[in-house]
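Asker: This is the structure I have questions about; it appears just below.
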Amino acid sequence: MAWNLNFISEEELKNHVRATIMKYGEKLESYDLKRFNSNLIDPIKLLFDKSVYQASWEEIVNNEIFRQRDKSNNNDIGYFHQNIFSFFRGCEVPQAGWDVIYKNPDGIQMPDGDVVHTLYVEMKNKHNTMNSASSAKTYIKMQGQILEDDDCACLLVEAIAKKSQNIKWTTKVDGKNVQHRLIRRVSMDRFYALLTGEEDAFYKMCMALPPIINSVVNEKGSISVPHDTVIQELGKVAAAYTGQAEDLAMAMAVYMLGFNTYIGFGGQVRPQLPETNEGMLKCIYAYAKGMD
C-alpha cells in the first residue's frame, strides 16, 4: 500500500511507535499477587464489581490488572501525541517550557485573520484534565509570551477535545472571564491541519497507525507478553478453605489482600471460629503476611 502521509515518513512513524511502545516498559512485566496488591486493593469494590457485572473472579482480577497498567499508560500516549511533532517540518519539541514550538517563515494564517510566524503550544491528552488553577496559570503564561513576542500565537491543543475546533480560549483568571484572539483552544485535527496545510492530516495519520503498530508489536523481540499469576496465587489461598463454597473461598482470599491486619481477619481480636476454620485462617494469615 502506497504511503500517503507527506508530513512524516513511514520509517519515522514506525520509529516513533516503537519508542512509545518501549516506554510502556515495566507495565509489560508480569503481575504476581505481591505486585497486584502493592498499592492495596479495595476488596469490597472487587466483590461489588464481580456481583454487579456478573463476572468471574478471573475476569475481575484481569480487569484490575488492566486498570493498573492503563493508569500509567496515559503518560506514554501523551509522549506519542507530543513527540510525533519532532518529525514535522518547522516543529521543535523542547525539553522544557513549551510542549511544541512551530515556526514558519512564510507565516501562519489564524482564523481571525492574523498572520504570525511562531506557535507556542501546551498540549493536553483530554479536554477535562485541567482544573481552574491550572487553566489560569497556563493562560497567564500564554499572555506573557504574547507580550514578549507579538508575532506569535499560543495554543492549548487537546488530543481528545469535545469537538473539532480552533477557537479563542475563554477561561477565568482571578474570577474574571478572559480571552484573546491569539490564545486559542484547538483540537488535535485542527492542529495537524494548521501545521501541514492538509485538512485531513490527522485522519490520514490515524488510518496509517493500526498496521504500523501491528508491525512493530510483531517484530521479533519487540515486546514480551506478560504472564500474570495473580488468579492462580489467589486460588492457592482460597484452597485453604476446604469445605467452603468456591466463590466464598475466593472472596476470603481477596479480603485478605486489604484486610489481613483487620479485626476478625488477621488483627489481634478475632471472633471464635470452629477449629477447622481456625486452621484454614492461619494458613491464609501466613500467606498474606508473607507478601509484606
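The values are calculated or read from the model by the stated rules, or taken from the named source; none is laboratory data. As the structure is a computational prediction, the values presented were derived from the model and not from experiment. Positions of Cβ are backbone-derived with ideal geometry, glycine not excepted, and every protein chain shown enters the neighbour counts. Heads up: the accessible areas ignore ligands, DNA and RNA and are worked out on the full protein's heavy atoms, side chains in. Shrake-Rupley method; radii C 1.70, N 1.55, O 1.52, S 1.80 Å.
Asker: What does the accessible area of Arg181 come to, in Å² to the nearest 10, when a probe of 1.4 Å is used?
Answerer: Here the residue's solvent-accessible area equals roughly 110 Å².
Asker: Right, here's the next one. Just to confirm the filter: which GluC sites (Glu not before Pro) across region 147-238 are DSSP coil and have at most 12 other Cβ within 10 angstrom of their Cβ? It would help to have the intermediate numbers written out before the result.
Answerer: Details: sites: Glu148, Glu158, Glu198, Glu199, Glu219, Glu233; in loops: Glu198, Glu199, Glu219.
The qualifying sites are Glu199, Glu219.
Asker: Using a ≥ b ≥ c from the Cα gyration tensor of the chain (square roots of the eigenvalues), is it rounded, prolate or oblate, where a/c under 1.5 gives rounded and otherwise the larger of a/b and b/c decides, a/b for prolate? Could you put the intermediate results ahead of the total?
Answerer: On the way: a/c = 3.56, a/b = 2.14, b/c = 1.66.
Because a/c hits 1.5 or more and a/b exceeds b/c, the chain counts as prolate.
Asker: Order these peptides, 119-130, 40-51, by their mean beta-carbon neighbour count within 10 angstrom, highest first. Mind dumping the intermediate values first?
Answerer: On the way: 119-130: 17.7, 40-51: 15.0.
With the highest mean Cβ count within 10 Å placed first, the list reads 119-130, 40-51.
Asker: Which value, in Å², gives the accessible area per residue of the chain when a 1.4 Å probe is used on the protein heavy atoms?
Answerer: Details: 16810 Å² over 292 residues.
Value for the chain: 58 Å² per residue.
Asker: Between Phe66 and Thr118, with labels modelled 7 Å along Cα→Cβ, what's the label distance in nm to one decimal, could you check?
Answerer: About 4.5 nm separates the two model spin labels.
Asker: What is the distance, in nm, between label points placed 7 Å from the Cα along the Cα-to-Cβ direction at Glu29 and at Glu92?
Answerer: Reported label-point gap for Glu29 and Glu92 is 3.7 nm.
Asker: Quote the FRET efficiency, to the nearest 0.05, computed for Met207 versus Lys176 with a Förster distance R0 of 35 Å and r equal to the Cβ-Cβ distance. Mind dumping the intermediate values first?
Answerer: Numbers: r = 43 Å, r/R0 = 1.23.
Efficiency, from the Cβ-Cβ distance: 0.20.
Asker: Report the relative contact order of region 165-210, percent, no decimals, based on alpha-carbon pairs under 8 angstrom and at least 6 residues apart. All intermediate terms of the calculation are to be shown ahead of the outcome.
Answerer: Values: 47 pairs, mean separation 13.1, N = 46.
Rounded, it is 28 percent for region 165-210.
Asker: Give the calculated FRET efficiency between Asn75 and Val217 to the nearest 0.05, with a Förster radius of 22 Å applied to their Cβ-Cβ distance. Let's see the in-between values first.
Answerer: Values: r = 20 Å, r/R0 = 0.89.
E between Asn75 and Val217, to the nearest 0.05, is 0.65.
Asker: Largest first, what is the accessible-area ranking of Val254, Val178 with a 1.4 Å probe?
Answerer: Values: Val254 0, Val178 30 Å².
These residues rank, largest area first, as Val178, Val254.
Asker: Now a separate question. Each label point is 7 Å from the Cα along the Cα-to-Cβ direction; what then is the distance between the points at Glu198 and Asn4, in nm?
Answerer: 0.9
Asker: For region 166-240, take every pair of Cα atoms, bin their distances at 10 Å starting from 0, and report each bin as a whole percent.
Answerer: Final binned percentages: 15, 19, 18, 18, 17, 12, 2.
Asker: I'd like the accessible area for Trp169, computed on protein heavy atoms only with a 1.4 Å probe and all protein chains in place. Round to 10 Å², please.
Answerer: So the heavy atoms of Trp169 present about 10 Å² to solvent.
Asker: Return the subset of Lys103/Lys137; Lys141/Lys204; Lys126/Lys168; Lys137/Lys163; Lys27/Lys168 for which the Cα-Cα distance in this structure is over 28 Å, preserving the input order. Each step should come with its number before you reach the end.
Answerer: Working: Lys103/Lys137 24 Å; Lys141/Lys204 33 Å; Lys126/Lys168 18 Å; Lys137/Lys163 24 Å; Lys27/Lys168 38 Å.
Flagged as over cut-off: Lys141/Lys204; Lys27/Lys168.
Asker: Can you work out the FRET efficiency for the pair Ser56 and Met22, with r the C-beta to C-beta distance and R0 = 30 Å, to the nearest 0.05?
Answerer: Working: r = 33 Å, r/R0 = 1.10.
My answer for the efficiency is 0.35.
Asker: Moving to a separate point now. What's the local net charge at Lys126, with K and R +1, D and E -1, over the other residues with C-beta under 11 Å away?
Answerer: Details: positive: Lys124, Lys162; negative: Glu158.
Its environment carries a net charge of +1.
Asker: Here's something else I'd like to know. So if I place +1 on the C-beta of Lys and Arg and -1 on the C-beta of Asp and Glu, and nothing else carries charge, what would the dipole magnitude of the chain be about its Cα centre? I want it in debye, nearest 20. Please report the intermediate quantities before stating the final value.
Answerer: Working: 32 positive and 37 negative charges, 120 e Å.
Computed about the Cα centre, the dipole is about 580 debye.
Asker: Let me check against my output: what whole-number percent is the relative contact order of the chain, with C-alpha pairs under 8 Å and at least 6 apart? Mind dumping the intermediate values first?
Answerer: On the way: 352 pairs, mean separation 54.4, N = 292.
Computed over the chain, the figure is 19 percent.
Asker: In addition: Just how large is the dipole of region 73-180 about the Cα centre, in debye to the nearest 20, putting +1 at every Lys and Arg Cβ and -1 at every Asp and Glu Cβ? Intermediate results must be reported in sequence, preceding the final value.
Answerer: Working: 11 positive and 13 negative charges, 112 e Å.
Dipole about the Cα centre, nearest 20: 540 debye.
Asker: Count the DSSP beta bridges whose two residues both fall in the chain, then state the antiparallel fraction as a percent rounded to the nearest 5. Please list the in-between numbers first.
Answerer: Numbers: 15 of 28 bridges.
Expressed as a percentage, antiparallel bridges in the chain total about 55.
Asker: With a 1.4 Å probe and all protein chains kept in place, how do Cys154, Cys206 rank by accessible area, largest first? Before the final figure, lay out each step's value.
Answerer: Details: Cys154 0, Cys206 45 Å².
Descending order: Cys206, Cys154.
Asker: Could you let me know the centre-to-centre spacing of region 79-101 and region 18-36, using Cα atoms, in angstrom?
Answerer: 25
Asker: Positive end of the dipole of region 144-262, charges at C-beta (+1 Lys, Arg; -1 Asp, Glu), about the Cα centre: which of Ile167, Ala245, Tyr192 has its Cα farthest in that direction?
Answerer: Value: Ile167.
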